[in-house]
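See below for the structure under consideration.
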Amino acid sequence: MYYGGDYNPEQWPSELWPRDAELMRAAGVNLVSLGMFSWSRIQPAEGEFDFGWLDEVIGILHDHGIAVNLATATASPPPWATHHYPDMLPQLADGTVLWPGSRQHFAATSPVYRRLALELVTAVAERYAGHPAVVMWHVNNEYGCHVPYDYSDNARDAFQGWLRRRYGDVGTLNTAWGTDFWSQRYTAFEQVLPPRSAPYSQNPAALLDFRRFTSDATLELLVMERDAIRGAGAAQPITTNFMGPFHALDYWRWADELDLIADDSYPDPADPQSFRRAAFTRDLMRSLGGGKPWILMEQAANAVNWRPANAPKAPGQMAALSMQAVARGASGVMFFQWRQSRSGSEKFHSAMLPHAGTETRTWREVVRLGAELSPLPEIAMSPGDVKVALLFDWDNLWAVSNPDHPVELDYTDIVLRWYAAIHRQHVQVDIRTAGHDLSAYDVVIAPLQYLLPAAAGTNLIDYVRRGGHLLVAGFTDIVDEHDAFRDGGFLTQLGPTLGIRLEDFGALPECDGVSFRLDGADHTGTTYAEEIQLAGATPLARFSTGRPSDQPAFTSHRAGAGVAYYLATLPDDDGMRAVTRHVFARAGVTGVLPGAHPDVEAIRAGGYLVVINHTDRHHAVTLDRHYVSDNAPVTEVELPPFGYAVLCRPSEAATNASDRQHVPARAHGSVG
Ligand code: GAL
């Protein structure tokens, strides 16, 4: 289990470095991410490198038994580079240049940036590839975070090249984009621009392709750096830090290129439900890797500095959020950053070692977590632990965010709300796409599969035929991969499996809701109430109020050995719980800890059960199976505010009893 954080020693006099290393040891730190923003110190001028200071820092860390996740330092080009080559700067859609003075001021497609970044990463990798302290490589930092999209001339040229490769000839592009609408027909690829500021709505297929292109073009940087590191002979795992369900990069594609998935996570401590989004993100990271290791690469030890009001974490909250990752198999818990910055725009951001030093709650909690993590067993989900898949993909995130739909929908927000409804019932989920192999799941939930490529449609149909339970919510199977309607209108693929026809979307103005009655309770639908016709399906609920009164709201249909459900509205949170509960009951899916408080998280992974209290109140949890903690049987767990406990099945305890390392600790909270 790795424990540590970003370390920026160049911000401090070298006399302090040995002291840092000693304090790291005291905190249980065994890994630091080094050199994240060190370009200007490593390369003071083009063709000139200064590794002396970095050699010294790595040497000190190594002498103290602290390993290094070495960054390639390409995230913030130095002033000499942008001064000589202003052409590498990115631009907004309206032509505004993003000047230096902050960070990430590079156009991903700039040939000059790519050349300079390659020179740097090659030099760094050649120097440290064989260093025994370096156990991991960290490419760049949070690609796309501040500059998700670039509209510069560099981007224009690269976009045209990407379109040429994708479509071959401009006629095919015209068909895919439907350019006969508003006289947009191109006669040469050179005429195609990034979607720069325009008088009115842009071509949605062009917007979608520009997003795909941006993700691919940025991914080229990662691959370039990764290959340079490998080319220098480095054998350590290579990663870059993701940002949860970040909108601009298709992490499904990115994950394929990495050895190790890494995530940065900053839930708002002031929001009592922010742990749920964090849970989703951790399940997403676990799922993206498909078995590859993953690590919580950054979190805050306490408050951040970039919200309008930066609430501190409550006592214990940092550990509780960390345990969400550990319970889902994370192989490390890391922070931004080790020592709080003296200067710069992040000087108010918390760190493991605060300005106020070691006589602080932050430091005590950091030390305590380090001590609690080291004896923990390796916890990893095994295949049978998860019976439900929730579909999430970037093509839909992008296509749904295009303008001019019947009603505005926030794709990520909707997926997260469905996730929350499931999570509150303590049902474990994998995140998948409609194209993945879904055969391992009893239930698949498609919250908003607006864009459904033919192969993905066939996959969902097969899943049901073979015995799966598919829950499909509205505005699904509307367009093809070019954001265009297919012949036959909507639900052209899933309609027969669902046993319904969709006639119209029935957008609801914000003030209008509809209700439907399911399993003896009334629930609210919002945003839209679709007009559907039964074509074999059984109505499980009908709208009981408003315009669509008496029309089907929720249906089920047997298809082959499985059942397909359709929900014709976007329910409120309570309605989402009711609908998923209904489907889970029919499919025989049960929660990990039925009856536990919804804000107490329970994660079952292999022979382990981790329970985490995300509230500021005490909660008692009654266990439904035999577990042990510290080799003593446990039937109930008393969790203090933000407390957690790691329990294991008696068989695990027996297997591990001979090895102290593998006996689960009674961690942060009284158990018994
Ligand atoms: C991350 C970034 C770090 C630091 C941190 C502050 O997005 O990777 O370098 O800026 O945010 O919360």
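The values are calculated or read from the model by the stated rules, or taken from the named source; none is laboratory data. Remember, it's a predicted structure, so these values are computed and weren't measured experimentally. Glycine gets a Cβ as well: all are built from the backbone with ideal geometry, and neighbour counts include every protein chain shown. Accessible surface areas use protein heavy atoms only, side chains included; no ligands, DNA or RNA. Shrake-Rupley method; radii C 1.70, N 1.55, O 1.52, S 1.80 Å.
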- Task: Identify, from the list L258, L173, the residue that is in a loop (DSSP other than H, G, I, E, B) and in contact with a Lys or Arg (Cβ under 9 Å, 6 or more places away or on another chain).
- Result: L258
- Message: Here is a check on your reading of the model: is D283 open to solvent by less than 10 Å² (accessible area, probe 1.4 Å) and within 16 Å of the ligand (Cβ to nearest atom)?
- Response: no
- The lone exception for F210 - which of (1) free of Cβ contacts under 8 Å to residues at least 40 places away in the same chain; (2) part of a helix (DSSP H, G or I) it fails: (1)
- Quick one: how many residues across the stretch 381-433 are under 20 Å from F275 (Cα atoms) and at pLDDT below 95? 1
- Take the residues in the stretch 288-312 that are away from the ligand (no atom under 13 Å from the Cβ) and assigned to a loop (DSSP other than H, G, I, E, B), then tell me which one is least open to solvent (accessible area, probe 1.4 Å). A311
- A careful count of residues in the stretch 91-111 that are open to solvent by less than 30 Å² (accessible area, probe 1.4 Å) and either more than 13 Å from Y149 (Cβ to Cβ) or at pLDDT below 95 (or both) gives 3
- Listing of helices (runs of 4 or more DSSP H) fully contained in the stretch 1-108 that carry 2 or more residues being within 16 Å of the ligand (Cβ to nearest atom): 39-42
- Query: Just one of D519, D483, D504, D512 is open to solvent by 10 Å² or more (accessible area, probe 1.4 Å), within 30 Å of A440 (Cβ to Cβ) and in the same structural domain as H405 (by TED's automatic domain parsing); which is it?
  - Reply: D519
- Could you identify the single residue in S350, S345, S341 that is within 16 Å of the ligand (Cβ to nearest atom), hydroxyl-bearing (S, T, Y) and over 26 Å from the mean Cα position of the chain (by Cα)? S341
- Message: Please verify whether S33 is open to solvent by less than 10 Å² (accessible area, probe 1.4 Å) and under 20 Å from V124 (Cβ atoms), treating the condition exactly as stated.
- Response: yes
- Condition check for S343: part of a loop (DSSP other than H, G, I, E, B), in contact with a helix residue (DSSP H, G or I) (Cβ under 9 Å, 6 or more places away or on another chain) and surrounded by fewer than 17 Cβ atoms within 10 Å (Cβ to Cβ): yes
